[in-house]
Every structure is written in C-alpha cells, then in structure tokens.
Amino acid sequence: MEKPERKQLIHHVFFWLKNRNSQEDLAKLLEGLRGLRKIESIRELHIGVPADTEKRDVVDTSYSVSGLMFFDDTVGQRTYHYHPIHTKFVELCEELWEKVIVYDSMDI
C-alpha cells in the first residue's frame, strides 16, 4: 500500500520597512525572523532580501525582507501563528514595518 503524498503548506511573508534605509531597523527585523526558527512546526525557513536580478515588469523588488516558511500542514501553520515566539516577534517588530503581505499556498 502506498503512503499518501505529504502536502506541505508554504507561508511566504513580505515586509516593507518604514525606514527603508535604516540598517538598524533591517538588522532588528532579520534578528526577529531568525528567532522564529525555534518554532518546532516550521520545517524550513528562508529569510531573504530582494535579489539583484534582471529588472522586469513582473518582478517586484519593492519589499525589504521576506520570510519563506514550510509547514507539514495547516495545523503546523496555525501552531506557528499562535506560538508565543511568533506573537512576541510581532509585538517587538511591528513598529518597523509599514506593510506586510502574506501568500499561503498548499501543494497540489
């Protein structure tokens, strides 16, 4: 009997800093995001800034930082969302950003 395929949930968060040129604000946000690695339901976490790739109309480089997280399922994402480490991150860092956009997707 075949095992069912694991369908991961991908949670991609984009942050726009209020003070885009502040290295201090950027460092604080990056430190906060790195702290999320301690949340046990996050299977993988990639933290990045816009890449210096070819400029095209379909490429958005207006954001400051992104966090890409992989979860086993929606339960894992919900665990992360309400986890004390995540809520503390929001509390400490929300003053840094002017805008946040989240894209969640599920394997098909």
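See the values below:
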{"quantity": "Around Gln77: net Lys/Arg minus Asp/Glu count, Cβ-Cβ under 15 Å", "calculated": "-2"}
{"quantity": "Rough spin-label spacing in nm, given labels placed 7 Å along Cα→Cβ, for Ile10 and Val59", "calculated": "1.8"}
{"quantity": "Accessible area in the full protein assembly, largest first, 1.4 Å probe, for Tyr82, Tyr63, Tyr103", "calculated": "Tyr82, Tyr103, Tyr63"}
{"quantity": "Computed accessible area, Asp104, all protein chains, 1.4 angstrom probe, square angstrom", "calculated": "90"}
{"quantity": "Estimated inter-spin distance, Thr74 and Val100, nm [label 7 Å along Cα→Cβ]", "calculated": "2.1"}
{"quantity": "The chain - percent of accessible surface contributed by carbon and sulfur, probe 1.4 Å", "calculated": "51"}
{"quantity": "Residue-normalised accessible area of the chain, given per residue in Å² at a 1.4 Å probe", "calculated": "70"}
{"quantity": "Relative contact order, percent, the stretch 19-79 [alpha-carbon distance under 8 Å, six or more residues apart]", "calculated": "37"}
{"quantity": "In degrees, nearest ten, helix 23-35 long axis to first principal axis of the chain (Cα)", "calculated": "10"}
{"quantity": "Principal-axis tilt of helix 84-93 within the chain, Cα atoms, nearest 10 degrees", "calculated": "20"}
{"quantity": "Cut-off 15 Å, label 7 Å out along Cα→Cβ of Asp107, residues of the stretch 38-68 by amide N", "calculated": "43-44"}
{"quantity": "Relative contact order of the chain, defined on C-alpha pairs under 8 angstrom at six or more residues apart (%)", "calculated": "49"}
{"quantity": "Structure-based [θ]222 nm, the chain - -39500 (n - 2.57) summed over DSSP H runs of at least 4, per residue, nearest 500", "calculated": "-9000 deg cm²/dmol"}
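The values are calculated or read from the model by the stated rules, or taken from the named source; none is laboratory data. What you see is a predicted model; the values in this text were computed from it and never measured. With ideal geometry, Cβ positions are generated from the backbone for all residues, glycine too; neighbour counts draw on all protein chains shown. Heads up: the accessible areas ignore ligands, DNA and RNA and are worked out on the full protein's heavy atoms, side chains in. Shrake-Rupley method; radii C 1.70, N 1.55, O 1.52, S 1.80 Å.
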